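Since the structure comes first, as structure tokens, the remarks are kept for the end.
The values are calculated or read from the model by the stated rules, or taken from the named source; none is laboratory data. This structure is a prediction, so every number in the text was calculated from the model and none was measured. Because the Cβ atoms are built from the backbone with ideal geometry, glycine has one as well, and the counts that use them run over all protein chains shown.
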Amino acid sequence: FFFTSTQFNQVDHIVLAGGCAVIPGLAETVAGRTQVDTMVANPFANMSLGSKVRPKSLAADAPALLVACGLALRRFDA
């Protein structure tokens, strides 16, 4: 689909997002089958975390929160 709907003919990176992105071994399987660098999205990777946030829980949920994180970072002009 990507190749037929864009002008590009090469994929350099694959970023997995959504709840299924954290399936154990998924990124490695995709990378192995496609021969393309593959990683799991983490929109919180360079953010400071509050003291009440559990890093392991956030890391497990991060790929599913990609859109919510992006929306939270938007600027709204009132």
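Some points to look at:
- Hits in region 20-47 (condition: small (G, A, S), at pLDDT 90 or above and loosely packed, with under 13 Cβ neighbours inside 10 Å): G25, G32
- Scanning region 3-19 for residues that are without any contact (Cβ under 8 Å) to a residue 24 or more places away in the chain and surrounded by 10 or more Cβ atoms within 10 Å (Cβ to Cβ) gives a single hit, F3.
- Tally, over region 10-44, of residues that are under 8 Å from the mean Cα position of the chain (by Cα) and more than 17 Å from A68 (Cβ to Cβ): 1
- The helices (runs of 4 or more DSSP H) falling completely within the chain that include 3 or more residues that are of a type outside the set (S, T, N, Q) map to 26-34, 55-61, 66-72.
- The C-beta contact set for region 47-71 (first residue small (G, A, S), second residue surrounded by fewer than 14 Cβ atoms within 10 Å (Cβ to Cβ) and in a helix (DSSP H, G or I), distance under 7 angstrom, 6+ apart or interchain) comprises A64/G19.
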